[in-house]
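Everything below concerns the one structure shown next.
Since every read-out is calculated from the coordinates, none of them should be taken as a lab result. Because the structure is a prediction, the values reported are computed rather than measured. Here the Cβ positions follow ideal geometry from the backbone for every residue, glycine too, while neighbour counts run over all protein chains shown.
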Amino acid sequence: VSAPAAGDWKPAAEALATAVRETGEAQNIAPPVPSKDGKDVLITFEMKGDAATSPDRVQPVLDAVTAVGEHHPDVEIHQFGEASAGKWLGDLLAEDFKKAEFTAVPLALGILVVAFGAIVAALLPVGLALTACMAAFGLLSIASHQLHLFQTTYSVMFLMGFAVGVD
């Protein structure tokens, strides 16, 4: 929490600690630690539960931080930690993979049309690759009942399977 003048952060820091506590996802919320000049303060906490799954559970905390920031526009509030960084990275990768998925098929089809000089000849490897990917998705769906899968698993599997299938 950063404020323009020393100590101006106190109401926002109190509201932030309360809001984070009320999410039910945080524990060990430490008292504010002010900077030497008194304009900034650090509030630390830990996510409850398993650290490996904390990116999946951090959204209520992020929402609480945003809400407190909106109610205290005179101060800057930033939140960072392993859980929020993991969520940000996971969301970024998922978004990038989605873009790649939507461009892979038309791009491959265009390259194959140019290479083969015929649409029918280009559709054959693309069609085979897509059907192989669908079959693999079905098998992975069965396995996913017993195994934890990352949110990007299907995207990576599609892109690699499609590339190998077209090749």
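Here the convex hull built on the C-alpha positions of region 119-167 has a volume of 57 cubic angstrom per residue.
Within region 84-166, the ratio Rg/Rh, alpha carbon atoms throughout and Rh by Kirkwood, equals 1.07. Using equal-weight Cα scatterers in the Debye expression, the normalised intensity of the chain in log10 at q = 0.12, 0.14 Å⁻¹ is -0.70, -0.80. Projected label points at E70 and L123, each 7 Å from Cα along the beta carbon direction, are separated by 5.0 nanometres.
The C-alpha atoms of region 10-79 occupy a region whose extents along the principal axes are 36, 24, 16 Å, arranged from largest to smallest. Taking 0.36 nm per residue of separation and subtracting the current Cα-Cα distance, fully stretching the chain between Q151 and T44 would add 35.7 nm.
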